[in-house]
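A.B. asks: Submitted below is the structure of interest, expressed as C-alpha cells.
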Amino acid sequence: MATRPVFISENEGSTFVRVMPVEFTWHAGMAKSRKQMSIRSLHEATKNTLSSARVLEISSMSEQRLGEQLSAFNLTFRTKGRGREIAVECAFQASKVFESGGPYLDLLDAKPIDAKRDDRLQCSGKLTGFQFFGQKWALEPQTAFYDWIYINALHLQPELADAVLAYDAFTDIAFNPEKSINCQASAVALYVSLRRRGLLEQALTSRESYMATILGAKTGKARQDEGPQGRLF
C-alpha cells in the first residue's frame, strides 16, 4: 500500500486547492505499465471517497493524452523576446539560484529530463531563490514560483486549458510530498480553481496581482529589489 495526495479544485471558499491523502495499492516496478496500474488503483481509491470526482493524472505516465500533454516535461511556452519554446520543467530548473551558483540559463535549451538531473543543481550549495529572466522570486511561499510558471504556460495553450476544465481532481503518481515540494498536478488544480472563479486573468496580469490573488493583498507586495513586475509571457 502507498499514500499519495489528490489535488482537488475548490470552486468557492478561502482554499483554492484541497489536498486529500489517498491510500491505494502500489504496483512496484519502473515500467510504464506498472506506473499506470498504480495510477488506476489511486483513481479507484479516490472515487471510493469522491464518487462523482473526475480525476486526471498529470504526468508522462498518464493513460490520457491530455494528462501527458500537461506534464511539465511536455508543456511549453514562449516568453516575450524569445522565439524558442521552453518546457516548464526547463524553466523551473534553469531559474534556481544557489549559494554557489545559478541560475544556469543553458538549461532552458536542454531536454527536460537532462535539466532536472543536471549535476550543478546538486553541487551548488543551498537553494536560495529563483531568478526568471531578471525577475527574482523568494523561496516562500513554497510553490508560488513553480505554480506561476505553470499556470501561465497552460493559459497560453487554449485547447489544453479548456480541456482540463472537464476535471475536478488531479494526481501525479511520481510526486511524493515527503521528498518534493512542487507538483504539476497541484498547479493544474490551482489553474482550474482560479479560472472557474473568474480570478485567472486578474492573477496573471503581474506577479503582485498573482500573489495578492492566491494569498491576500497584504502578502502580495514584492520587494523593490525583486525585479520588474510586468508579464513575461
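Since every read-out is calculated from the coordinates, none of them should be taken as a lab result. Keep in mind that what you see is a predicted model, and the values were worked out from it rather than measured. All Cβ positions, even for glycine, are placed from backbone atoms using ideal geometry, and neighbour counts span all protein chains on display.
A.B. asks: What FRET efficiency comes out for Glu140 versus Ser206 if R0 is 30 angstrom and r is the Cβ-Cβ distance? Round to the nearest 0.05.
C.D. replies: On the way: r = 19 Å, r/R0 = 0.63.
The calculated FRET efficiency here is 0.95.
A.B. asks: Extension gain Arg196-Glu99, at 0.36 nm per residue separation less the Cα-Cα distance, in nm? Present the calculation step by step, with values, prior to reporting the outcome.
C.D. replies: Working: separation 97, 0.36 × 97 = 34.92 nm, distance 3.97 nm.
Going from the current span to full extension adds 30.9 nm.
A.B. asks: Could you work out the relative contact order of region 88-197? I mean the mean sequence separation of Cα pairs under 8 Å and 6+ apart, divided by the number of residues, in percent. If you can, show how the numbers build up before the last one.
C.D. replies: Details: 124 pairs, mean separation 23.8, N = 110.
It rounds to 22 percent for region 88-197.
A.B. asks: Evaluate E = 1/(1 + (r/R0)^6) for Asn11 and Ile113, where r is the Cβ-Cβ distance and R0 equals 35 Å; express this FRET efficiency to the nearest 0.05. If you can, show how the numbers build up before the last one.
C.D. replies: Working: r = 35 Å, r/R0 = 1.00.
Result of the calculation: an efficiency of 0.50.
A.B. asks: Same structure, new question: Report Rg(Cα)/(2.2 N^0.38 Å) for region 124-186, keeping two decimals.
C.D. replies: Numbers: Rg = 14.0 Å, N = 63, 2.2 N^0.38 = 10.6 Å.
Taking N as the residue count of region 124-186, the ratio is 1.32.
A.B. asks: Grab the Cα-Cα distance for Ala163 and Arg84, subtract it from 0.36 nm times how many residues apart they are, and report the gain in nm with one decimal. Numbers along the way, then the final one.
C.D. replies: Numbers: separation 79, 0.36 × 79 = 28.44 nm, distance 2.47 nm.
Stretched out fully, the Ala163 to Arg84 stretch lengthens by 26.0 nm.
A.B. asks: Quick one: what do you get for the chain if you divide its Cα Rg by 2.2 N^0.38 Å? Working shown, then result.
C.D. replies: Working: Rg = 17.5 Å, N = 233, 2.2 N^0.38 = 17.5 Å.
Output field value: 1.00.
A.B. asks: Pairs Lys80/Lys126; Lys35/Lys136; Lys96/Lys179: which are spaced more than 26 Å apart, C-alpha to C-alpha?
C.D. replies: Working: Lys80/Lys126 30 Å; Lys35/Lys136 36 Å; Lys96/Lys179 18 Å.
Table pairs above 26 Å Cα-Cα are Lys80/Lys126; Lys35/Lys136.
A.B. asks: Normalised by the number of residues in region 29-119, what is the relative contact order in percent for Cα pairs under 8 Å and 6+ residues apart? Display every interim value, and only then the final one.
C.D. replies: Working: 99 pairs, mean separation 14.1, N = 91.
Once normalised by length, the contact order is 15 percent.
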